[in-house]
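In what follows, a structure is listed as structure tokens, so that the remarks can point back to it.
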Amino acid sequence: MTTAARMQHGDGVMFAKLLAEAGAFGPAAAVLAQVLVEVDPATAPPQERLIEAAMLYSGLVDPVLDQHSVPDAVAWAGYAYRASRTRYGRDHAATIAAMEHLATVLDVRGRFGEAGRVRRDLIQTHLDRGDRDAHWAGRMDLADQLQAAGRCDDAIRQAQAAWREWIRWHDPAGPDSLWIVLQYSSILIACHQFEQAAAVRRMARFTPPGYDDQARAGYAAFAGTVPATIVEHRPVCAYQQPPASPAGHGGVQ
């Protein structure tokens, strides 16, 4: 790529970022498409500005409408990961972000098997880096993805295992545990496991954050999505209810 082309591409990426920040996602994607359309993501060099363009473009393209998008959003998300790994190394924060991004791009397009492989690689990377908290967050994200694919039993087992390991190192009632309490509860609630979700909240001695609490906004966003989560998950829910004992006890009611 010539110096002039690099400058032109850099200007296009900056302009697209400004458009995206203003909420003009379609025009931003169109600008980035002009930057990327003449470049092959399979052979493009690992350039910083191109990685930035690939990440932004693949995150902006509507997953419902992009089956025939040009350039290919999934291909460019894959480029961003490969190029980041080559340029910065496997453990660099930019590479971690690119892995998370690729998993999300695949996930929202229903390519759950591929997304799962990326997420498992990401989880292992966190473990290799010694970042336990990020590892648990990755496992909960994997549980979310498994549930979206209708693998509800696997999702709940994954989330339960992550939760049990988390509370070995963290106070379940501590402020740092709020995110995993809410995420685990959401997974259980989507599969109509309301008593199990309530048990998790009791263990965490959970009460909704007050209006002056910094966590209030996150909790309000979670609470607002619960009804939609139940409705949206219902068509693919495949959770197998444990059988009740002959006396009517022992199963989750």
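Worth a mention:
- Between residue 43 and residue 90, the simple label model (points 7 Å from Cα in the Cβ direction) yields a spacing of 2.8 nm.
- Surface/4 estimate of mean projected area, convex hull on alpha-carbon atoms of the chain, nm²: 16.1 nm²
- Taking amide H atoms as placed 1.01 Å from N in the peptide plane, the amide H of residue 238 lies under 5 Å from those of 152, each 5 or more residues away in sequence or on another chain.
- Estimated [θ] at 222 nm from DSSP helical runs (n ≥ 4, -39500 (n - 2.57)) normalised by residues in the chain, nearest 500: -22000 deg cm²/dmol
- Accessible carbon and sulfur surface of region 104-220 relative to its total accessible area, %, 1.4 Å: 49 percent
- At 1.306 mPa s and 10 °C, Stokes D of region 186-243 from Kirkwood alpha-carbon radius, µm² per second: 124 µm²/s
- Here the calculated FRET efficiency for residue 160 and residue 131, from their Cβ-Cβ distance with R0 = 25 Å, stands at 0.70, rounded to the nearest 0.05.
- Nearest-20 debye value, the chain charge dipole, Cβ charges on Lys, Arg, Asp, Glu: 540 debye
- Nearest-0.05 FRET efficiency for residue 238 and residue 215, computed from C-beta distance (R0 30 Å): 0.40
- Each Cα pair under 8 Å and six or more residues apart adds its separation to the average, and for the chain the resulting relative contact order is 11 percent.
- For the chain, accessible area per residue (1.4 Å probe, heavy atoms of protein chains only), Å²: 54 Å²
- A full extension of the chain between residue 173 and residue 226 corresponds to an added length of 16.9 nm, given 0.36 nm per residue minus the alpha carbon distance.
- Diagonalising the gyration tensor over the Cα atoms of region 12-59 and scaling each eigenvalue by 5 before taking the square root yields semi-axes of 19, 10, 8 Å, largest first.
The values are calculated or read from the model by the stated rules, or taken from the named source; none is laboratory data. Remember, predicted model here, so these are calculated numbers, not experimental data. Cβ: placed from backbone, ideal geometry, glycine included. Neighbour counts: every protein chain shown. Just the protein is used for accessible areas: all its heavy atoms, side chains included, with ligands, DNA and RNA removed. Shrake-Rupley method; radii C 1.70, N 1.55, O 1.52, S 1.80 Å.
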